[in-house]
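These notes are about the structure you will find just below.
What follows draws every value from the coordinates through simple rules; no lab data is involved. The model shown is predicted, which means the values in this text are computed figures rather than measured ones. Note: ideal-geometry Cβ built from the backbone for every residue, glycine included; neighbour counts use all protein chains shown.
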């Protein structure tokens, strides 16, 4: 890798004084939507309410129309025309002065909420000077009927599909947001028993920039943000999650109403300036810590603490020190190497994984950043794509290394040490894993594999659906888990068992693994197999799948599972929550 690339990684601290936290609500309806609940509301009323809620940026996103934004723009232009003719009366002058004051204070962006095929909702947000005729042309391109262009209805018949909408809006210079992705009409298809490959395509497409969710301020293992943090094998691209009010009225009718008002769900964003360009730069970027849910006067989100509460994963690790003594620096470098060879990830230095422990911090964080920069540049071949900065946490500075998935794998430390990441464990890669990394780098993987979506596991009988264009997957089909391991073959040679291990995360087969040479999870699975797998008649089946064992340590849970495929039984060991689809999760809930 050339030196020019390494210069891209010079430290840039996210708490630079030139940036400020701004509040935004990018999902507001107006009387331009036919389901707006207060027809007498004016556009000045909407702007005033945005001011009252302390918003810096808003977007008008009416259903399949830009009629609301066009109406407001036309009203302002008419007032300016009358002013130019010196024909403004006192009321008109008052309204124009109010528009000037509010539009100078609040960035108002045009957009729309497009209804794609199957009813999925997508937000397109554009620069404030975009002609409304251009946006109407986009809606026509997306097959919104001409007669529906001014109606503002969420129901418009057969339109363009989701992926086409992403591409068209992106290529037109817009910000592409999947509206209320985890709720009704959302592309995450929560609560639906179909859509495995479709859900992957709809939430991992490179033309999609942001997921809007309704549970952003919640904590826990099953939140939408956690689901799309890059730790699930099928969803390797970490997705930015924001929240918006989807307001169809000025003010929430009552505290228990689900119909929110303007600014009832706000996202804060760290911007260098209040402009569409700065907004797009952040929302289309990779630093997910630059947006956070706004919780009024409460303490701002501590992203390091939030990461600790989520715990170690394939895309996240924690180190209290980078001291050479004790091997701390080497373990940090090993994580960098493993993440570059896997899905990428984030490494925090100066803090343990235990969220109850106070962060120790990094005393000379600027010096540590420089040291890490030079060490990674000098000891890696090729140099991975990484960025180093610092974040505050509980009064201490924490150093953060963000590692992008590598395009030049395999990456090695000191020329000959290759590491991979498997859930919370970083390990030296074995021969078959190194071969797979080389094949991936040379483009010898299956045609279905792309940088955004991992390839399917090798078929197990007829249980694995055929992979092609996104389609609604048969709910009766049960796919294998996507984490853990399966021992697919064992052979005894000269008194020692040699096993072939299937890595369920990527489907690769690692041959000639012995119990003495196996890493932690493999060793566990091999020990279980060598001690004797249970007979099918001894397993409590729920259809064709079963839970054999559940192991817990602190907040971590591992499952041993079984699945019948005709006369064959497959045993899966060390499966984590991130590897379970809806069928398996339903089974786990029954077993607990």
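Extent along the principal axes, Cα only, for segment 128-254: 44, 39, 31 Å, with the longest axis given first.
When 1/r is averaged over all different Cα pairs and the result inverted, which Kirkwood radius in Å belongs to segment 309-426?
On the way: mean 1/r = 0.0709 Å⁻¹.
Taking the inverse mean of 1/r over all distinct Cα pairs, segment 309-426 comes out at 14.1 Å.
For segment 480-591, the alpha-carbon coordinates run over 44, 33, 23 Å along the three principal axes, in decreasing order. Take the Cα of residue 416, step 7 Å toward its Cβ, do the same at residue 567, and the gap between the two points is 4.9 nm.
Could you tell me what fraction of 2.2 N^0.38 Å the Cα radius of gyration of the chain comes to, as a two-decimal ratio? Don't skip to the end; give the middle numbers.
Details: Rg = 26.5 Å, N = 592, 2.2 N^0.38 = 24.9 Å.
Compared with the compact-globule rule of thumb, the chain sits at 1.06.
Reducing segment 309-325 and segment 492-565 to their Cα centroids gives an inter-centroid distance of 27 Å.
Summarising the strand pairing of the chain, around 75 percent of its internal DSSP beta bridges are antiparallel.
Which whole-number percent gives the relative contact order of segment 3-301, counting Cα pairs below 8 Å spaced six or more residues apart? Provide the component values of the computation, followed by the final result.
Numbers: 555 pairs, mean separation 63.6, N = 299.
Relative contact order here is 21 percent.
Counting only DSSP beta bridges whose two residues both lie in segment 3-301, roughly 50 percent are antiparallel.
In terms of overall dimensions, segment 129-168 has a Cα radius of gyration and Dmax of 10.3, 30 angstrom. Working from label points 7 Å from Cα in the Cα-to-Cβ sense, the residue 155 to residue 44 distance is 3.6 nm.
Residues of segment 417-439 with an amide N closer than 12 Å to a point placed 7 Å from the Cα of residue 517 along the Cα-to-Cβ direction: 430-433.
Per DSSP helix of 4 or more residues, -39500 (n - 2.57); summed, then divided by the residues of the chain. What does that give at 222 nm, rounded to the nearest 500? Helices in the chain give a 222 nm mean residue ellipticity of -8000 deg cm²/dmol.
Where does helix 43-52 land angle-wise versus the long Cα axis of the chain, in degrees 0 to 90, nearest 10? That works out to roughly 60 degrees.
Its relative contact order, with pairs defined as Cα atoms under 8 Å and 6+ residues apart, puts the chain at 12 percent.
Helix 132-141 and the longest principal axis of the C-alpha atoms of the chain enclose an angle of approximately 50°. Mean projection of the Cα convex hull over all viewing directions, computed for segment 3-301: 18.5 nm². For segment 21-174, the alpha-carbon coordinates run over 49, 37, 30 Å along the three principal axes, in decreasing order.
Kirkwood Rh and Cα-based Rg: tell me the resulting Rg over Rh for segment 203-301, rounded to two decimals. In segment 203-301, Rg relative to Rh is 0.98.
Each Cα pair under 8 Å and six or more residues apart adds its sequence gap; the mean of these over the residue count of segment 229-344 is a relative contact order of 19 percent.
Cα axis of helix 520-530 to longest principal axis of the chain: angle in degrees, 0 to 90, nearest 10? Tilt relative to the chain: about 50 degrees.
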